[in-house]
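A.B. asks: Please read through the structure below; I'll follow up with questions.
The values are calculated or read from the model by the stated rules, or taken from the named source; none is laboratory data. If you're wondering where the values come from, they're calculated on a predicted model, not measured in any experiment. All Cβ positions, even for glycine, are placed from backbone atoms using ideal geometry, and neighbour counts span all protein chains on display. Only protein heavy atoms, including side chains, enter the accessible area calculation; ligands, DNA and RNA are left aside. Shrake-Rupley method; radii C 1.70, N 1.55, O 1.52, S 1.80 Å.
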Amino acid sequence: MAERHDDAAYAGDRPRPERRRLLRAAAVLAGAGGAGVLAATADHAGAADRRAGRGGRPTFVIVHGANGNAYSFAPLVAALAEAGHRAMAVDLPGHGPEGNFPRSYQAPQNPAAFAAVPSPVLAATTLDDNVRHVVRIVRRVARHGPVVLVGHSMGGATITRAGNLVPDLIERLVYLSAFCCVRLRSVLDCFLTPEAASTLLPRIPAVPTPEHLGVSRTNWRSADPEFIAIAKEALAAGYSDAAFLAALNTFEPDESAAVSTDDARGRPRTWGRIPRTYVRYTADRAVPLALQDRMIAEADAATPSNPFAVRSVAAPHLGPEDPRVLAAVLARSL
C-alpha cells in the first residue's frame with residue numbers, strides 16, 4: 001500500500017539523516033487517556049451536515065501512540081460510553097495481543113536476554129502496515145455510521161495517512177497532542193526541528209538492542225526509582241504516583257523503528273478536505289507545545305479553507321488524568 005505523494009509540495013523532499021537519540025525519542029511516545037482545563041475555538045462548520053448525510057451515530061475510533069495499545073484507552077472509551085457515545089480503541093499491528101512481552105521482561109528480569117530477544121511482529125512493521133490495519137477498521141465501522149478517527153501522539157501519523165486513502169469515510173480527524181505531518185516528512189523530522197528541542201523523551205533510558213532487531217525497546221518495568229521519576233516527568237508530570245504507575249503498566253516495551261521514519265505526510269487534496277480538530281496538551285514535555293503549534297500552522301497553511309478546530313487541555317503527554325475531561329473535549333468535536 002505504498003503511496004505516491006503527487007502534490008508539488010512534496011517534490012524533492014527527502015528524509016534527513018537519522019539521529020539515534022531523536023529516533024529513540026520518536027519511538028517513546030506511549031498512549032493513554034487522561035484530565036485538565038479546556039479552552040476552545042469554534043468547530044469546523046458543516047460537520048453536522050456531513051453526519052446527517054451519512055446517517056447513524058458517530059463512532060470514535062481511537063489509535064494509540066508508540067508503546068501503547070487499545071487497553072491504554074480503556075478509561076477513555078468507558079468515559080465516552082457513559083456519556084452516551086460509541087467508541088472503540090484499536091490495537092495496531094504488533095501491539096495488544098500481538099505485543100512482545102518475553103519472559104526476560106518479567107520479574108525477575110534478565111537484562112542481557114531482554115536486550116537481545118527478537119520482536120517477531122514489530123521487527124517487520126511499517127507505517128503502511130498500521131495504515132492498512134486502521135483503514136480496514138474504518139471501512140467496517142463506517143457501515144454503521146460516521147467515523148471520528150482519533151490519534152494520540154505517534155498515532156497521528158497513522159490517522160493522517162488513513163485520511164489520504166479514505167477521506168470520504170472519515171467524519172473528522174482528531175489529533176491528541178499527535179503528529180500531523182504536512183511539510184515535515186516524518187515523526188523523526190518533527191523531532192529535528194527547533195520547536196522540539198525541549199522534549200524530555202531522550203532522557204528516558206533505552207534498552208541497547210542490536211540494530212537488526214528493528215525495534216526501539218524500553219524497560220517500563222524497571223524498578224529503578226530514577227527511571228520511574230524521569231519517565232513520569234517526561235510523560236505524566238502532574239499525575240499522582242499511583243495514576244502514573246497504573247498507566248505505566250499498560251505500556252509495551254517495543255516499538256517499530258520504521259514507523260517514526262516512514263513518510264507520514266497528509267495530502268491536501270484528500271486528507272486536507274476532512275474536518276479536523278487538534279487537542280493541544282499545554283503541559284506536554286514529550287511533544288512540546290511549540291511543536292504542536294508548528295504542526296497546526298503548517299497544516300492550516302496547506303489547507304487554508306479547512307483549518308484545524310483547536311482545543312487546549314492543561315495536560316501532560318498522557319493526557320488528562322481524569323478521562324471524563326478528554327471525553328468531554330471529544331464530544332464537543334462532533
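A.B. asks: From the set of residues in segment 107-134 that are in a loop (DSSP other than H, G, I, E, B) and touching a Lys or Arg at 6+ places or on another chain (Cβ under 9 Å), which is surrounded by the fewest Cβ atoms within 10 Å (Cβ to Cβ)?
C.D. replies: A107
A.B. asks: Given the conditions (1) outside any helix (DSSP H, G or I); (2) modelled with pLDDT of 95 or more, report the number of the one that L334 does not fulfil.
C.D. replies: Condition not satisfied by L334: (2).
A.B. asks: So if I check each of V147, V141, which one is in contact with a strand residue (DSSP E or B) (Cβ under 6 Å, 6 or more places away or on another chain), open to solvent by less than 10 Å² (accessible area, probe 1.4 Å), among the β-branched types (V, I, T) and over 28 Å from T209 (Cβ atoms)?
C.D. replies: V147
A.B. asks: Report yes if A89 is of a type outside the set (F, W, Y), at pLDDT 95 or above, surrounded by 21 or more Cβ atoms within 10 Å (Cβ to Cβ) and closer than 17 Å to L149 by Cα, otherwise no.
C.D. replies: So A89 fits the description; yes.
A.B. asks: If you go through segment 309-320 one residue at a time, how many are crowded, with 23+ Cβ neighbours inside 10 Å and either farther than 17 Å from C180 by Cβ or hydrophobic (A, V, I, L, M, F, W, C) (or both)?
C.D. replies: Residues that pass the stated criteria total 5.
A.B. asks: Further question on the same structure: Residue check: is S104 closer than 24 Å to A246 by Cβ, open to solvent by less than 10 Å² (accessible area, probe 1.4 Å), of a type in the set (S, T, Y) and not in a strand (DSSP E or B)?
C.D. replies: No.
A.B. asks: Among the candidates V187, V166, V174, V182, which residue alone is over 14 Å from the mean Cα position of the chain (by Cα), surrounded by 24 or more Cβ atoms within 10 Å (Cβ to Cβ) and among the aliphatic types (A, V, I, L, M)?
C.D. replies: Step by step, each of V187, V166, V174, V182 is checked, and only V182 is over 14 Å from the mean Cα position of the chain (by Cα), surrounded by 24 or more Cβ atoms within 10 Å (Cβ to Cβ) and among the aliphatic types (A, V, I, L, M).
A.B. asks: What are the pairs with Cβ atoms under 8 angstrom where one residue, in segment 268-287, is open to solvent by less than 10 Å² (accessible area, probe 1.4 Å) and the other, located anywhere, is among the small types (G, A, S) and in a strand (DSSP E or B)? Sequence gap at least six, or different chains.
C.D. replies: From segment 268-287, the pairs are P275/A309; R276/A309; T277/A309; Y278/A309; V279/S312.
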